[in-house]
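Okay, so here's the structure we're looking at.
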Amino acid sequence: EAHCVSQWGHDFRSDYLGLGDLGALFPGVPRMAVTATATDKTREEIVARLELNEPERYIAPFDRPNIGYAVQVKTDGRGQLLKFLQTHRGDAGIVYCLSRKKTESTADWLCAQGFEALPYHAGLPGEVRTENQRRFLIEDGLVIVATIAFGMGIDKPDVRFVAHLDLPKSIESYYQETGRAGRDGDPADAWMVYGLQDVVRLRQMLDESQADEEYKRYEQVKLDALLGWCEVTGCRRRPLLAYFGNSQDEDCGNCDGCLTPAKTWDGTEAARKLLSAVYRAGQRFGAAHLVDVLLGKETDKVLQHGHDQLSVFGVGKDLPATTWRSVARQLIVAGHLRSDAARYGALVLTDTSRDVLRGETPLQFREDPKRSVVASKKQARERVVADKDLGLWEALRACRQTLASEHNVPPYVIFHDRTLQEMLAYRPQTAAELLDISGVGQTKLDRYGDQFLSVLREASAAHAS
């Protein structure tokens, strides 16, 4: 994974810088650097760090059209995740969290909701990680709840979703993690919720790191780019591909931005009210407190600091708290506010704040959707299995899982989902008919044909009666 040698990539590993010596140690031996999500800047540094001498470059298209993208503002993370997962019951997937503790608590909670879920993070004993990874690879319908420690080298083609309960730190990280979905080419979903608290935490982690200031500034730029992408009001795929130097002229039709275009509203006056609250409160408080001030809430903290006496106290009662939090987030993305991690997330003004306060900079804000949105290609796939066919569908999957366990291989090695879907559609009753199904060759017919034909014949007999 060549990204590891680049401080401009993700998961920088300083020990890997010694790999540049390989050219001198092994003259004449070919070398190849491979990575999935490198920007132009990262690619240039990989060449320099590894001391590659005018290498040939092969850049594949970044687009994964079978993946549907959806991003929501985090209001009730677990509740939103549960609603999303209702369309993915029985599917294999990955849920990414920022902390180790959250991976374990989320896995336990998912189990309580009827999902089969396991945690994965670097702090677990090695044998536990190995076993959880093994089960994920060979079992159907298992959900792994993980930190970014999970995924490198995972080649499970039938991952139907990747969900993020917390904001990743860059578009590169996000794209690499979501790229673990749908490698078989079938529809898959990349779903994410994010909130201002994610931004504050990531910036605090960055400020506390031992990296130099140049690196911190660049990481901040990458985080801002991800936030900007989260707040786009149109097609998500076009700016996502543009980030990696790929252009796409048409909207993709497979993201929430295309399927349910975001509404916008004139937020100029709301922005002036929030920026004024930031200024009058001394630029020492976070978004939650400032929203309380704007809403006129007499909380202990508001009264303690005398903020009920500010001229902005209660001037924001015309908007709900969720909208005010969105205003704060979008002002940060636009660069009119900054979250100061050194002051525990206090909002502070920037050089452009003055023009907004004067009303000289009109602002249009994204209107947060009232309900969750799930990309539609997955829903289209769901409709392939009608309610009346669910029994046979589950019986075919159970047959596949039994054979996979017997042969100690992942289920997709027996048959891919699309092969089972064809069996479901055509209901073959003989070996010759089964051989006509895509994905069934003579070898697999000989090995597994009798078992699947038994399931199909039993279903036909039950239907006839």
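The values are calculated or read from the model by the stated rules, or taken from the named source; none is laboratory data. Remember, it's a predicted structure, so these values are computed and weren't measured experimentally. Cβ sites come from the backbone with ideal geometry, for glycine too, and all protein chains shown count toward neighbours. Accessible surface is based on the protein model in full, side chains and every heavy atom, while ligands, DNA and RNA are left aside. Shrake-Rupley method; radii C 1.70, N 1.55, O 1.52, S 1.80 Å.
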**Prompt:** When residues of the range 124-166 are filtered for being under 25 Å from residue 223 (Cα atoms), of a type in the set (A, V, I, L, M), open to solvent by less than 40 Å² (accessible area, probe 1.4 Å) and in contact (Cβ under 8 Å) with a residue 60 or more places away in the chain, how many remain?
**Reply:** 3
**Request:** Kindly list the number of the only condition in (1) open to solvent by 20 Å² or more (accessible area, probe 1.4 Å); (2) at pLDDT below 90; (3) closer than 30 Å to residue 319 by Cβ; (4) in contact with a helix residue (DSSP H, G or I) (Cβ under 6 Å, 6 or more places away or on another chain) that fails for residue 357.
**Result:** (2)
**Item:** Pick from the range 245-269, criterion in contact with a Leu (Cβ under 8 Å, 6 or more places away or on another chain) and closer than 27 Å to residue 40 by Cβ, ranking: least open to solvent (accessible area, probe 1.4 Å)
**Value:** 248
**Request:** Mind listing whichever residues of the range 119-152 are under 18 Å from the mean Cα position of the chain (by Cα) and not aromatic (Phe, Trp, Tyr)?
**Result:** 119, 121, 142, 143, 144, 145, 146, 147, 148, 149, 151, 152
**Prompt:** Can you tell which of 75, 42 is more than 17 Å from the chain's Cα centre (by Cα) and closer than 27 Å to residue 167 by Cβ?
**Reply:** 42
**Message:** Would you confirm, using the coordinates I've provided, whether residue 171 is farther than 21 Å from residue 79 by Cβ, β-branched (Val, Ile, Thr) and crowded, with 21+ Cβ neighbours inside 10 Å?
**Reply:** yes
**Residue in the range 200-220 that is open to solvent by less than 10 Å² (accessible area, probe 1.4 Å), under 25 Å from residue 367 (Cα atoms) and not in a loop (DSSP other than H, G, I, E, B) present** = no
**Hits in the range 27-56 (condition: among the hydrophobic types (A, V, I, L, M, F, W, C) and loosely packed, with under 13 Cβ neighbours inside 10 Å)** = 29, 32, 34, 48
**Fill in**
Per the filter on the range 69-98, residues assigned to a loop (DSSP other than H, G, I, E, B) and either touching a strand residue (DSSP E or B) at 6+ places or on another chain (Cβ under 7 Å) or loosely packed, with under 15 Cβ neighbours inside 10 Å (or both) are 74, 75, 76, 89, 90, 91, 97
**Request:** Determine if the range 308-325 includes at least one residue that is assigned to a helix (DSSP H, G or I) and under 24 Å from residue 220 (Cα atoms).
**Result:** yes
**Prompt:** When you scan the range 436-446, how many residues do you find that are in a helix (DSSP H, G or I) and in contact (Cβ under 8 Å) with a residue 12 or more places away in the chain?
**Reply:** 2
**Request:** Please find, among 304, 283, the residue that is out of contact with any His (no Cβ under 9 Å at 6 or more places or on another chain), in contact (Cβ under 8 Å) with a residue 12 or more places away in the chain and open to solvent by 20 Å² or more (accessible area, probe 1.4 Å).
**Result:** 283
